[in-house]
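K.L.:
Mind looking over this structure? Questions follow.
The values are calculated or read from the model by the stated rules, or taken from the named source; none is laboratory data. Small disclaimer: the values here were computed from a predicted structure and weren't measured. Glycine gets a Cβ as well: all are built from the backbone with ideal geometry, and neighbour counts include every protein chain shown.
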Amino acid sequence: MALINLERVVERLSFLDPIADRLQSLIGQGLKEGGPTAQAAKDALNGTWLGHPLHPALTDVPIGAWTCSTMLDLLDHNRGGDLGRAADLLVGVGCASGLAAAASGAADWQDSYGPERRAGLAHALLNTGALGLFGGSLLLRLAGRRGSAKLPALLGYGLAATAAFLGGDLVFRMGTQVNRNAWAAGPSDWTEVAAQEEVREGELLRRAVGDSEVVLTRHGQTVIAVGAVCPHAGGPLEQGQVRDGRITCPWHGSRFELTTGRVCQGPASIALPVFETRINQQGRVEVRRAPQ
Ligand code: FES
(Lines give C-alpha, C1' and ligand atoms only; values in the text may rest on other atoms or scores of the structure.)
Protein backbone atom coordinates (compact mmCIF):
# COMPACT_ATOMS: atom_id res chain seq x y z
CA MET A 1 0.00 0.00 0.00
CA ALA A 2 2.89 2.34 0.84
CA LEU A 3 4.42 1.66 -2.58
CA ILE A 4 1.09 2.22 -4.33
CA ASN A 5 0.92 5.62 -2.62
CA LEU A 6 4.51 6.27 -3.67
CA GLU A 7 3.53 6.35 -7.34
CA ARG A 8 0.94 9.06 -6.55
CA VAL A 9 3.60 11.02 -4.63
CA VAL A 10 6.03 10.80 -7.55
CA GLU A 11 3.43 12.15 -9.96
CA ARG A 12 3.17 15.26 -7.79
CA LEU A 13 6.92 15.97 -7.63
CA SER A 14 6.75 18.93 -10.00
CA PHE A 15 10.22 20.14 -8.96
CA LEU A 16 11.59 17.25 -11.03
CA ASP A 17 10.33 18.83 -14.26
CA PRO A 18 13.00 21.56 -14.61
CA ILE A 19 15.66 18.92 -13.86
CA ALA A 20 14.14 16.69 -16.54
CA ASP A 21 14.08 19.60 -19.02
CA ARG A 22 17.74 20.30 -18.40
CA LEU A 23 18.79 16.65 -18.61
CA GLN A 24 16.84 16.01 -21.81
CA SER A 25 18.30 19.13 -23.37
CA LEU A 26 21.84 18.03 -22.42
CA ILE A 27 21.34 14.52 -23.80
CA GLY A 28 19.72 16.00 -26.94
CA GLN A 29 22.69 18.32 -27.41
CA GLY A 30 25.11 15.40 -26.99
CA LEU A 31 23.19 13.39 -29.60
CA LYS A 32 23.27 16.31 -32.01
CA GLU A 33 26.98 16.89 -31.58
CA GLY A 34 27.76 13.17 -31.68
CA GLY A 35 26.04 12.82 -35.10
CA PRO A 36 25.36 9.37 -36.61
CA THR A 37 27.67 7.57 -34.16
CA ALA A 38 25.78 8.92 -31.15
CA GLN A 39 22.47 8.10 -32.83
CA ALA A 40 23.65 4.55 -33.55
CA ALA A 41 24.69 4.16 -29.90
CA LYS A 42 21.29 5.41 -28.74
CA ASP A 43 19.53 3.04 -31.15
CA ALA A 44 21.57 0.16 -29.76
CA LEU A 45 20.63 1.15 -26.20
CA ASN A 46 16.95 1.47 -27.18
CA GLY A 47 17.08 -2.11 -28.53
CA THR A 48 16.34 -1.52 -32.22
CA TRP A 49 18.68 -4.44 -33.04
CA LEU A 50 16.86 -6.69 -30.56
CA GLY A 51 13.27 -6.08 -31.72
CA HIS A 52 12.42 -5.38 -28.09
CA PRO A 53 13.37 -2.63 -25.61
CA LEU A 54 16.82 -3.45 -24.19
CA HIS A 55 16.38 -1.80 -20.78
CA PRO A 56 13.98 -4.31 -19.16
CA ALA A 57 16.23 -7.19 -20.24
CA LEU A 58 19.34 -5.53 -18.76
CA THR A 59 17.75 -4.57 -15.45
CA ASP A 60 17.26 -8.22 -14.52
CA VAL A 61 21.03 -8.61 -14.11
CA PRO A 62 21.73 -6.02 -11.34
CA ILE A 63 18.45 -6.81 -9.59
CA GLY A 64 19.26 -10.54 -9.63
CA ALA A 65 22.89 -10.01 -8.60
CA TRP A 66 22.01 -7.63 -5.77
CA THR A 67 19.18 -9.86 -4.54
CA CYS A 68 21.60 -12.78 -4.29
CA SER A 69 24.38 -10.66 -2.71
CA THR A 70 21.93 -9.38 -0.08
CA MET A 71 20.85 -12.93 0.76
CA LEU A 72 24.47 -14.07 0.99
CA ASP A 73 25.37 -11.07 3.18
CA LEU A 74 22.56 -12.02 5.56
CA LEU A 75 23.69 -15.67 5.65
CA ASP A 76 27.40 -14.91 5.94
CA HIS A 77 28.52 -15.00 9.55
CA ASN A 78 32.13 -15.85 8.75
CA ARG A 79 33.78 -12.73 7.32
CA GLY A 80 36.46 -14.70 5.50
CA GLY A 81 34.11 -17.36 4.15
CA ASP A 82 32.95 -18.42 0.68
CA LEU A 83 29.49 -16.86 1.12
CA GLY A 84 31.06 -13.46 1.78
CA ARG A 85 33.38 -13.74 -1.23
CA ALA A 86 30.44 -14.72 -3.44
CA ALA A 87 28.49 -11.70 -2.13
CA ASP A 88 31.45 -9.43 -2.98
CA LEU A 89 31.55 -10.77 -6.52
CA LEU A 90 27.79 -10.34 -6.99
CA VAL A 91 27.90 -6.75 -5.70
CA GLY A 92 30.54 -6.05 -8.39
CA VAL A 93 28.47 -7.77 -11.10
CA GLY A 94 25.43 -5.74 -10.02
CA CYS A 95 27.37 -2.46 -10.20
CA ALA A 96 28.83 -3.18 -13.66
CA SER A 97 25.50 -4.32 -15.12
CA GLY A 98 23.74 -1.47 -13.30
CA LEU A 99 25.78 1.03 -15.34
CA ALA A 100 24.69 -0.67 -18.58
CA ALA A 101 21.06 -0.70 -17.40
CA ALA A 102 21.32 3.00 -16.52
CA ALA A 103 22.62 3.87 -20.01
CA SER A 104 19.77 2.00 -21.70
CA GLY A 105 17.23 3.55 -19.33
CA ALA A 106 18.53 7.04 -20.10
CA ALA A 107 18.19 6.35 -23.84
CA ASP A 108 14.53 5.36 -23.38
CA TRP A 109 13.78 8.20 -20.96
CA GLN A 110 15.13 10.80 -23.41
CA ASP A 111 11.97 10.36 -25.54
CA SER A 112 9.49 10.42 -22.66
CA TYR A 113 7.25 13.29 -21.61
CA GLY A 114 4.54 14.22 -19.10
CA PRO A 115 3.89 12.03 -16.04
CA GLU A 116 5.95 9.14 -17.39
CA ARG A 117 8.97 11.44 -17.75
CA ARG A 118 8.65 12.49 -14.10
CA ALA A 119 8.17 8.91 -12.88
CA GLY A 120 11.08 7.82 -15.09
CA LEU A 121 13.35 10.44 -13.53
CA ALA A 122 12.32 9.39 -10.01
CA HIS A 123 13.06 5.77 -11.01
CA ALA A 124 16.49 6.84 -12.31
CA LEU A 125 17.33 8.87 -9.19
CA LEU A 126 16.45 5.97 -6.90
CA ASN A 127 18.57 3.61 -8.99
CA THR A 128 21.45 6.10 -8.99
CA GLY A 129 21.25 6.16 -5.19
CA ALA A 130 21.25 2.35 -5.15
CA LEU A 131 24.23 2.23 -7.48
CA GLY A 132 26.09 4.74 -5.28
CA LEU A 133 25.43 2.72 -2.14
CA PHE A 134 26.40 -0.59 -3.75
CA GLY A 135 29.48 1.12 -5.25
CA GLY A 136 30.48 2.32 -1.78
CA SER A 137 29.86 -1.18 -0.43
CA LEU A 138 32.09 -2.61 -3.16
CA LEU A 139 34.93 -0.24 -2.25
CA LEU A 140 34.65 -1.28 1.41
CA ARG A 141 34.75 -4.96 0.39
CA LEU A 142 37.83 -4.33 -1.75
CA ALA A 143 39.42 -2.67 1.28
CA GLY A 144 38.75 -5.84 3.29
CA ARG A 145 35.96 -4.28 5.37
CA ARG A 146 33.12 -6.63 4.49
CA GLY A 147 31.44 -6.19 7.87
CA SER A 148 30.98 -2.42 7.28
CA ALA A 149 30.00 -3.01 3.63
CA LYS A 150 26.76 -4.83 4.47
CA LEU A 151 24.74 -1.84 5.68
CA PRO A 152 25.17 0.35 2.56
CA ALA A 153 24.40 -2.72 0.42
CA LEU A 154 21.20 -3.35 2.38
CA LEU A 155 20.13 0.30 2.04
CA GLY A 156 20.99 0.18 -1.66
CA TYR A 157 18.84 -2.90 -2.09
CA GLY A 158 15.90 -1.06 -0.53
CA LEU A 159 16.33 1.79 -3.02
CA ALA A 160 16.74 -0.62 -5.94
CA ALA A 161 13.56 -2.49 -4.96
CA THR A 162 11.60 0.78 -4.73
CA ALA A 163 12.98 1.85 -8.12
CA ALA A 164 12.00 -1.54 -9.57
CA PHE A 165 8.44 -1.01 -8.34
CA LEU A 166 8.32 2.35 -10.12
CA GLY A 167 9.80 0.76 -13.25
CA GLY A 168 7.02 -1.82 -13.26
CA ASP A 169 4.49 0.96 -12.71
CA LEU A 170 5.86 2.84 -15.71
CA VAL A 171 5.25 -0.16 -17.95
CA PHE A 172 2.14 -1.82 -16.54
CA ARG A 173 0.13 1.22 -15.43
CA MET A 174 1.45 3.99 -17.68
CA GLY A 175 2.18 1.84 -20.74
CA THR A 176 5.72 3.14 -21.33
CA GLN A 177 7.48 1.21 -24.12
CA VAL A 178 4.47 -1.05 -24.64
CA ASN A 179 3.90 -1.90 -28.31
CA ARG A 180 1.00 0.33 -29.38
CA ASN A 181 -0.10 -2.25 -31.96
CA ALA A 182 -0.15 -5.23 -29.60
CA TRP A 183 -3.91 -5.71 -29.77
CA ALA A 184 -4.53 -4.63 -33.37
CA ALA A 185 -4.37 -7.81 -35.42
CA GLY A 186 -5.71 -6.33 -38.66
CA PRO A 187 -8.01 -8.17 -41.08
CA SER A 188 -7.03 -11.66 -42.17
CA ASP A 189 -9.34 -11.40 -45.22
CA TRP A 190 -8.98 -8.90 -48.05
CA THR A 191 -10.74 -5.69 -47.01
CA GLU A 192 -11.45 -2.60 -49.11
CA VAL A 193 -9.87 0.60 -47.77
CA ALA A 194 -9.63 3.27 -50.49
CA ALA A 195 -10.05 4.10 -54.14
CA GLN A 196 -6.88 3.45 -56.14
CA GLU A 197 -6.52 7.12 -57.21
CA GLU A 198 -6.63 8.32 -53.58
CA VAL A 199 -3.25 6.67 -52.91
CA ARG A 200 -0.43 8.81 -54.29
CA GLU A 201 3.37 8.53 -54.36
CA GLY A 202 5.07 10.62 -51.66
CA GLU A 203 1.77 11.07 -49.74
CA LEU A 204 0.34 9.22 -46.76
CA LEU A 205 -3.34 8.33 -46.43
CA ARG A 206 -4.75 6.99 -43.15
CA ARG A 207 -7.72 4.62 -43.13
CA ALA A 208 -9.46 2.40 -40.56
CA VAL A 209 -9.56 -1.29 -41.37
CA GLY A 210 -11.13 -3.74 -38.93
CA ASP A 211 -9.51 -3.22 -35.52
CA SER A 212 -6.50 -1.47 -37.07
CA GLU A 213 -5.54 1.76 -38.76
CA VAL A 214 -3.36 1.69 -41.85
CA VAL A 215 -1.32 4.26 -43.73
CA LEU A 216 -1.32 3.88 -47.49
CA THR A 217 1.22 5.19 -49.97
CA ARG A 218 2.37 4.28 -53.45
CA HIS A 219 5.75 3.32 -54.88
CA GLY A 220 5.43 3.27 -58.69
CA GLN A 221 2.54 0.90 -59.44
CA THR A 222 2.73 -0.74 -56.01
CA VAL A 223 0.42 0.31 -53.19
CA ILE A 224 2.05 -0.06 -49.78
CA ALA A 225 0.14 -0.33 -46.49
CA VAL A 226 1.62 -0.28 -42.99
CA GLY A 227 0.21 0.31 -39.51
CA ALA A 228 -0.72 3.95 -38.90
CA VAL A 229 0.25 3.92 -35.21
CA CYS A 230 3.92 4.16 -34.26
CA PRO A 231 4.72 1.17 -31.99
CA HIS A 232 6.97 3.34 -29.80
CA ALA A 233 4.43 5.73 -28.25
CA GLY A 234 1.52 5.91 -30.68
CA GLY A 235 2.68 8.71 -33.01
CA PRO A 236 0.35 9.30 -36.02
CA LEU A 237 2.42 8.06 -38.93
CA GLU A 238 0.21 9.69 -41.58
CA GLN A 239 1.68 12.98 -40.30
CA GLY A 240 5.22 11.68 -40.79
CA GLN A 241 7.42 11.70 -43.85
CA VAL A 242 7.90 9.05 -46.50
CA ARG A 243 11.20 8.96 -48.34
CA ASP A 244 13.56 6.33 -49.82
CA GLY A 245 11.19 3.49 -48.99
CA ARG A 246 11.01 4.50 -45.32
CA ILE A 247 8.46 6.24 -43.13
CA THR A 248 9.52 8.56 -40.29
CA CYS A 249 7.40 9.10 -37.18
CA PRO A 250 6.63 12.79 -36.51
CA TRP A 251 6.99 12.46 -32.73
CA HIS A 252 10.47 11.09 -31.97
CA GLY A 253 11.85 10.33 -35.42
CA SER A 254 11.69 6.51 -35.47
CA ARG A 255 12.12 5.23 -39.04
CA PHE A 256 10.60 2.05 -40.46
CA GLU A 257 11.15 0.20 -43.73
CA LEU A 258 7.87 0.37 -45.64
CA THR A 259 8.01 -3.09 -47.20
CA THR A 260 8.94 -5.04 -44.06
CA GLY A 261 8.10 -2.73 -41.13
CA ARG A 262 11.67 -3.22 -39.84
CA VAL A 263 12.96 -0.50 -37.49
CA CYS A 264 15.77 1.47 -39.18
CA GLN A 265 16.14 4.10 -36.46
CA GLY A 266 14.94 4.26 -32.84
CA PRO A 267 13.68 4.99 -30.32
CA ALA A 268 11.14 2.38 -31.52
CA SER A 269 12.41 -1.15 -31.14
CA ILE A 270 9.36 -3.11 -32.30
CA ALA A 271 8.56 -3.47 -36.00
CA LEU A 272 5.63 -1.74 -37.64
CA PRO A 273 2.81 -4.05 -38.83
CA VAL A 274 2.75 -4.46 -42.60
CA PHE A 275 -0.22 -5.35 -44.80
CA GLU A 276 -0.53 -7.07 -48.17
CA THR A 277 -2.30 -5.01 -50.81
CA ARG A 278 -4.10 -5.60 -54.10
CA ILE A 279 -6.39 -3.70 -56.45
CA ASN A 280 -9.79 -5.33 -56.96
CA GLN A 281 -11.84 -5.34 -60.16
CA GLN A 282 -13.62 -2.14 -59.13
CA GLY A 283 -10.26 -0.35 -58.94
CA ARG A 284 -10.29 -0.16 -55.15
CA VAL A 285 -7.39 -0.95 -52.82
CA GLU A 286 -7.78 -3.99 -50.57
CA VAL A 287 -5.50 -4.93 -47.69
CA ARG A 288 -4.99 -7.82 -45.32
CA ARG A 289 -2.50 -8.44 -42.55
CA ALA A 290 0.76 -9.89 -43.88
CA PRO A 291 2.09 -13.04 -42.19
CA GLN A 292 4.49 -12.05 -39.36
S1 FES B 1 5.90 7.81 -31.12
FE2 FES B 1 7.98 7.93 -30.58
S3 FES B 1 8.99 7.57 -32.43
FE4 FES B 1 6.95 7.38 -32.93
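K.L.:
Please go through (1) surrounded by 15 or more Cβ atoms within 10 Å (Cβ to Cβ); (2) part of a helix (DSSP H, G or I) for Thr48 and return the number of the only condition it doesn't satisfy.
P.N.:
(2)
A quick yes/no check of all residues on (1) aliphatic (A, V, I, L, M); (2) in a helix (DSSP H, G or I):
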{"site": "Lys150", "(1), (2)": "no, yes"}
{"site": "Ala153", "(1), (2)": "yes, yes"}
{"site": "Leu166", "(1), (2)": "yes, yes"}
{"site": "Arg180", "(1), (2)": "no, no"}
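K.L.:
Now for a separate question. Being of a type outside the set (Val, Ile, Thr), over 16 Å from the mean Cα position of the chain (by Cα) and surrounded by 14 or more Cβ atoms within 10 Å (Cβ to Cβ) narrows it down to one residue among Gly35, Gly28, Gly94; which is it?
P.N.:
When all the criteria are applied, what remains is Gly94.
K.L.:
Going residue by residue through region 183-194, is there one that turns out to be within 16 Å of the ligand (Cβ to nearest atom), at pLDDT below 95 and out of contact with any Phe, Trp or Tyr (no Cβ under 9 Å at 6 or more places or on another chain)?
P.N.:
The answer is yes; a qualifying residue exists.
K.L.:
While we're on this one: Identify the residue in region 214-267 that is hydroxyl-bearing (Ser, Thr, Tyr) and within 12 Å of the ligand (Cβ to nearest atom) and, among all such residues, is nearest to the chain's Cα centre (by Cα).
P.N.:
Among those residues, the one meeting the criterion is Ser254.
K.L.:
Next question, about the same structure. For region 225-236, which residues satisfy the criterion of being in contact with a Pro (Cβ under 8 Å, 6 or more places away or on another chain) and part of a strand (DSSP E or B)?
P.N.:
Val226, Gly227, Val229, Pro236, listed by residue number.
K.L.:
Still on this structure, I have one more. Considering each residue of region 204-215, count those that are under 23 Å from Pro267 (Cα atoms) and part of a strand (DSSP E or B), and give that number.
P.N.:
5
K.L.:
Given the criterion under 15 Å from the mean Cα position of the chain (by Cα), part of a helix (DSSP H, G or I), free of Cβ contacts under 8 Å to residues at least 12 places away in the same chain and assigned by TED's automatic domain parsing to the domain that holds Ala149, identify the matching residue among Asp60, Asp21, Asp43.
P.N.:
Asp60
K.L.:
Might you check whether a residue that is of a type in the set (D, E, K, R), within 17 Å of Asn46 (Cα to Cα) and either out of contact with any Pro (no Cβ under 6 Å at 6 or more places or on another chain) or within 16 Å of the ligand (Cβ to nearest atom) (or both) occurs anywhere in region 73-94?
P.N.:
Looking through region 73-94, none of the residues is of a type in the set (D, E, K, R), within 17 Å of Asn46 (Cα to Cα) and either out of contact with any Pro (no Cβ under 6 Å at 6 or more places or on another chain) or within 16 Å of the ligand (Cβ to nearest atom) (or both).
To keep it simple, each residue is scored yes or no on (1) assigned to a strand (DSSP E or B); (2) closer than 17 Å to Val209 by Cβ; (3) small (Gly, Ala, Ser).
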| site | (1), (2), (3) |
| --- | --- |
| Val223 | yes, yes, no |
| Glu238 | no, yes, no |
| Pro250 | no, no, no |
| Gly253 | no, no, yes |
| Phe256 | yes, no, no |
| Leu272 | no, yes, no |
| Phe275 | yes, yes, no |
| Arg278 | yes, yes, no |
| Arg288 | yes, yes, no |
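K.L.:
Taking only region 21-56 into account, find how many residues are under 30 Å from Asn181 (Cβ atoms) and either touching a Cys at 6+ places or on another chain (Cβ under 6 Å) or hydrophobic (A, V, I, L, M, F, W, C) (or both).
P.N.:
The total comes to 11.
K.L.:
Test Val199 against the criterion of being more than 16 Å from the ligand (Cβ to nearest atom) and either modelled with pLDDT of 95 or more or not basic (Lys, Arg) (or both), and give yes or no.
P.N.:
yes
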